[in-house]
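**Q** Below are the structure tokens for one structure; questions will follow.
The values are calculated or read from the model by the stated rules, or taken from the named source; none is laboratory data. It should be emphasised that the depicted structure is a prediction, and the values quoted were computed from it without experimental measurement. As a convention, Cβ positions derive from the backbone with ideal geometry for all residues, glycine included, and neighbour counts pool all protein chains shown. Areas reflect the complete protein model, heavy atoms only, side chains present, ligands, DNA and RNA absent. Shrake-Rupley method; radii C 1.70, N 1.55, O 1.52, S 1.80 Å.
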Amino acid sequence: MTSSSPVHGPDGGGGRDRDGERLPRPPAFAFPAQTWKEIAYLLANLPVGIVCFILTLVWLAVGMGLSVTVVGLPLLALGLRFSRLLGRLERNRARSLLSVRIEEPSPLPYRPDSGVLSRLWTSLRDPVGWRATLYALIRLPWSVVTFALTLTSLFVAWPVLPWIARGLTHVDRAMVRGLLFPSDELERRIA
């Protein structure tokens with residue numbers, strides 16, 4: 001008996017063994033890598049959406065409730081800075097899993113000689129922070145929908161899952177571009 005070691009073709013499969021018999025392709029995932037990234041993004045939407053919604057709602061409610069006191073406005077300004085951080089994390093997640101090309105917004109325009117009230121007012125007028133806050137608040141209902149549809153499709157509608165995932169992530173891409181994309185012109189108009 002002769003031992004036959006497989007000789008694969010240039011694409012990694014479909015080659016022939018030493019006796020000339022055709023080898024089957026090696027096993028592979030049914031969907032391309034980008035589809036799996038989109039599915040992972042959609043399934044992670046719910047936990048990320050819940051955490052962002054709760055944290056945003058807490059600082060917003062407490063800051064608004066205390067805005068008549070000395071503590072409220074600085075708490076709102078700190079919350080907007082926190083929303084900027086959440087927006088940065090969401091932009092990074094969209095970049096890595098959805099392949100969205102998105103830049104970071106400009107930093108807050110603090111002047112070195114500005115006082116505490118000037119910095120507070122600059123933070124409260126931050127359009128990037130307010131848009132990230134809005135993104136975190138509207139994200140939760142959409143996250144519930146995307147998680148439910150993706151998880152159900154993963155088990156029930158497997159053949160059409162790539163099209164469902166692509167359609168749902170198109171909405172996510174639009175939300176990221178609309179609310180988290182830097183807009184210097186919009187920032188100037190708001191200021």
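**Q** Do you know the relative contact order of the range 72-191, to the nearest whole percent, from alpha carbon pairs under 8 angstrom that are 6+ apart?
**A** That works out to 40 percent.
**Q** Given 0.36 nm per residue, what is the gain on full extension from residue 160 to residue 117 after removing their alpha carbon distance, in nm?
**A** 10.0 nm
**Q** Expected output is a single nm value to one decimal: the length gained when fully extending between residue 152 and residue 43, i.e. 0.36 nm times separation in residues minus the C-alpha distance. What is it?
**A** 38.2 nm
**Q** Rounded to the nearest 20 Debye, what is the dipole magnitude of the range 108-170 about its Cα centre when Lys and Arg each give +1 and Asp and Glu each give -1 at the C-beta?
**A** 80
**Q** Within the range 23-108, report the trypsin sites (Lys or Arg not before Pro) that DSSP leaves as loop and that have at most 16 other Cβ atoms within 10 Å.
**A** Of the trypsin sites (Lys or Arg not before Pro), the ones in loops of the range 23-108 whose Cβ has at most 16 other Cβ atoms within 10 Å are 101.
**Q** Enter the accessible area per residue of the range 86-134 (Å², integer; probe 1.4 Å; all protein chains in place).
**A** On a per-residue basis, 59 Å².
**Q** Also, quick follow-up: Using DSSP to call loops (not H, G, I, E or B), can you name the chymotrypsin sites (Phe, Trp or Tyr not before Pro) in the range 89-164 whose Cβ has at most 13 other Cβ atoms within 10 angstrom?
**A** Answer in residue order: 110.
**Q** Under Stokes-Einstein, with the Kirkwood radius over Cα pairs standing in for Rh, what whole-number D in µm²/s applies to the range 36-191 at 10 °C and 1.306 mPa s?
**A** Using the Kirkwood radius from Cα pairs, D works out to 95 µm²/s.
**Q** Rounded to the nearest 0.05, what FRET efficiency do residue 95 and residue 124 give with R0 = 45 Å and r taken as the Cβ-Cβ distance? Could you check?
**A** For residue 95 and residue 124, the calculated efficiency is 0.95.
**Q** Okay, moving on. Under 11 Å from a point placed 7 Å out from the Cα of residue 67 along the Cα-to-Cβ direction: which residues of the range 77-110 have their backbone N that close?
**A** Flagged as within label range: 77.
**Q** Separate question: Can you pull the percent of the range 56-147's accessible area that's carbon plus sulfur, 1.4 Å probe, other chains left in place?
**A** Carbon plus sulfur share of accessible area: 72 percent.
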